[in-house]
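Encoded as structure tokens, the structure appears first; notes follow it.
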Amino acid sequence: MTTPRTPLIAGNWKMNGLQGDGRALASAVADFLKSQGAANFEMLVCPPFTLISAVHDALAGSGVKLGAQDCSTAAKGAHTGDISTDMLADAGCTYVLVGHSERRTDHRETDELVNAKAVAAHTSGLNAVICIGETEAERDGGKTLDVVKSQIAGSVPGSATAANTVVAYEPVWAIGTGRTPTIDEVQDVHAFIRSELAAKLGQDVADGIRLLYGGSMNPGNASELLALGDVDGGLIGGASLKPEDFAAIATSCPA
Ligand code: PGA
């Protein structure tokens, strides 16, 4: 039995935006989704922590979902500078990105830590968007599938279900570079990810989990990418900061 997977168009704002910009961008995304009526896709924005409150207010009643870009593994206590998943849920988030390659690189996050963050998200009732993807050297060495396989084994917890987990495949070398894998490569890696998830979590769960492609998705390449059978949406960085581009990507979802 195949579970229908509603495409998810997710914006990762990264470390961008002050209060005024964040409010304006969120309002534009909210207005766009409201203008669509019964859309055949869902939208998510992940602003920096400082904008979560303002973006939450700007999105009210629009249906656009709110997520954070990272979380702590701890529930509360002496962890200066960290933000717990209960705090994110309390602030109105329903999603959190975990294991983005910039966190893995800048903060040396391991698969084990990413796994624990996903478990923390699930414990607080949040959806975890677990990010994986190979570096350019790994790709050049023909290691893409090995890397993805070991990241799934290490980063995706046994608590993952179709209702609480999204997996984002983001080749590190495609992020912010304007370069993307070929369409065939994207489909092949996504199909491989789904088969690895099936081996780990069972076919039904794997069939329901949404797999996002991320890395230089833009209005020019979105239609082709989103039409692929195992691509269920996008995780979009740069283009999500331009409301008209983010909207154009969303309307590229197959009907
Ligand atoms: P990009 O970023 O769309 O700017 O390549 C994607 C991401 O890092 O999530």
Could you tell me how many of the residues in region 44-82 are touching a strand residue (DSSP E or B) at 6+ places or on another chain (Cβ under 7 Å) and surrounded by fewer than 18 Cβ atoms within 10 Å (Cβ to Cβ)? 2
Selection count, region 194-218, where residues are within 16 Å of the ligand (Cβ to nearest atom) and not small (G, A, S): 6
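Please list, ordered by residue number, the helices (runs of 4 or more DSSP H) wholly in region 136-249 having 1 or more residues that are in contact with a Lys or Arg (Cβ under 8 Å, 6 or more places away or on another chain). Please lay out each step first, then the result.
Working: elements: 136-140, 144-155, 183-201, 203-208, 222-226.
In region 136-249, the matching helices (runs of 4 or more DSSP H) lie at 144-155, 183-201, 203-208.
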Return a yes/no flag: does region 138-146 have any residue that is within 14 Å of the ligand (Cβ to nearest atom) and open to solvent by less than 40 Å² (accessible area, probe 1.4 Å). no
Filter result for E109 (of a type in the set (D, E), surrounded by 16 or more Cβ atoms within 10 Å (Cβ to Cβ), within 16 Å of the ligand (Cβ to nearest atom) and farther than 27 Å from S252 by Cβ): yes
Scan of region 12-43 for residues that are assigned to a helix (DSSP H, G or I), touching a residue at least 40 places away in the same chain (Cβ under 8 Å) and surrounded by fewer than 18 Cβ atoms within 10 Å (Cβ to Cβ), ordered by number: A28
Members of region 219-248 that are under 19 Å from Y95 (Cβ atoms) and either without any contact (Cβ under 8 Å) to a residue 40 or more places away in the chain or within 10 Å of the ligand (Cβ to nearest atom) (or both): G234, L235, I236, G237, A239, S240, L241
Within region 59-69, is even one residue of a type in the set (S, T, Y) and either more than 16 Å from the ligand (Cβ to nearest atom) or farther than 23 Å from G176 by Cβ (or both)? yes
For region 172-183, pairs from a residue that is among the aromatic types (F, W, Y) to a residue that is within 8 Å of the ligand (Cβ to nearest atom), with Cβ under 6 Å and 6 or more apart or across chains, are none
Does V167 satisfy the criteria of being under 21 Å from N221 (Cβ atoms) and either among the acidic types (D, E) or open to solvent by less than 30 Å² (accessible area, probe 1.4 Å) (or both)? yes
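The values are calculated or read from the model by the stated rules, or taken from the named source; none is laboratory data. Bear in mind that the values here come from a model prediction, so they are computed numbers and not experimental data. With ideal geometry, Cβ positions are generated from the backbone for all residues, glycine too; neighbour counts draw on all protein chains shown. Areas reflect the complete protein model, heavy atoms only, side chains present, ligands, DNA and RNA absent. Shrake-Rupley method; radii C 1.70, N 1.55, O 1.52, S 1.80 Å.
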